[in-house]
Amino acid sequence: MNRVIILIAAVAVVFGGGYLLLNRPSSPTPAINTSSQESSSSASFATPKKSAHYESNAPEHALTLAGAPVNVVINFNFDLAKPSEIKIEKDGKDYGVGETVIDGNKLSMRRNMDPNSPDGTYTVFYNACWPDRTCHDGHFQFAVDKNLKSSFEDMTDKKEVTISMSQIKFVPMDIKINKGTRVTWVNDDEAEHYVNTDSHPAHTYYPNQNSKALKKGDSYSLTFSTFGIYPYHCSAHEAIMNGYIIVE
Ligand SMILES: [Cu+2]
């Protein structure tokens, strides 16, 4: 009898342990890019304030980028309306360019950023307004540190470049290119991959940079025509498979 109980207990431990190993969370901070930009950052960030109906933003809160973003995008789960507004401030100056634009599906709003924005920490202040004319404010922060560009692979002299999707990574992961360069991603893995602009799962930062599912041998191409940095990821392996393109 005792031997039966011990056997059952042993089976439970083996299967239970295996279950825990297979199902543990992949990362404590899956939403934040894990590439070198972040670990070498010395910037400190305030706690963000999320407005009603807020879902996500790109660039992500507390991210330190190797170049100025092309725009700041904030995603919601409710219809946006005028006069919704985004300001991108550092030292009291607004580095946003032009008007805040509400996307066609009314679930995201965006504002372009000055491509010559200097290094430092930026606070994004936003006011999200609904069709009933009520508005709610929120804020978050990100930083720009152009020194981080030194770890990017310099492909600025090429008209066309190829990024391999290999062993659940973009190879090379972080690249610098010139304006007008055509980038082609090729899936060299058995697993399906995607090219998706941040954030996840809204994929709204630069909507042109979103592929369909890519099987082994499939490719996806995009020509970059606006200066700035492009954080992206694979939505099937979002926590571990990400990269940056700087267009300069
Ligand atoms: Cu993938």
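The values are calculated or read from the model by the stated rules, or taken from the named source; none is laboratory data. All figures in this text were calculated on a predicted structure; none of them were measured in a lab. Methodologically, a virtual Cβ is constructed for each residue, glycine included, from the backbone with ideal geometry; neighbour enumeration extends over all protein chains shown. Ligands, DNA and RNA are stripped out before the accessible areas are found, and what is left, the full protein with its side chains, is counted by its heavy atoms. Shrake-Rupley method; radii C 1.70, N 1.55, O 1.52, S 1.80 Å.
The table that follows gives values for the structure above.
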| item | result |
| --- | --- |
| Which listed residue is more than 12 Å from the ligand (Cβ to nearest atom) and in contact with an Asp or Glu (Cβ under 7 Å, 6 or more places away or on another chain), from VAL144, VAL186 | VAL144 |
| Unmet criterion (only one of (1) more than 14 Å from the ligand (Cβ to nearest atom); (2) under 24 Å from VAL70 (Cα atoms); (3) in a loop (DSSP other than H, G, I, E, B)) for SER150 | (3) |
| Unmet requirement for LYS158, which otherwise passes all of (1) free of Cβ contacts under 8 Å to residues at least 24 places away in the same chain; (2) within 18 Å of the chain's Cα centre (by Cα); (3) away from the ligand (no atom under 16 Å from the Cβ) | (2) |
| Residue ID - least open to solvent (accessible area, probe 1.4 Å), chosen from residues in segment 96-138 that are among the hydrophobic types (A, V, I, L, M, F, W, C) and outside any strand (DSSP E or B) | TRP130 |
| Strands (runs of 3 or more DSSP E) (entirely within segment 158-244) containing at least 2 residues that are open to solvent by 50 Å² or more (accessible area, probe 1.4 Å) | 160-166, 169-171, 219-223 |
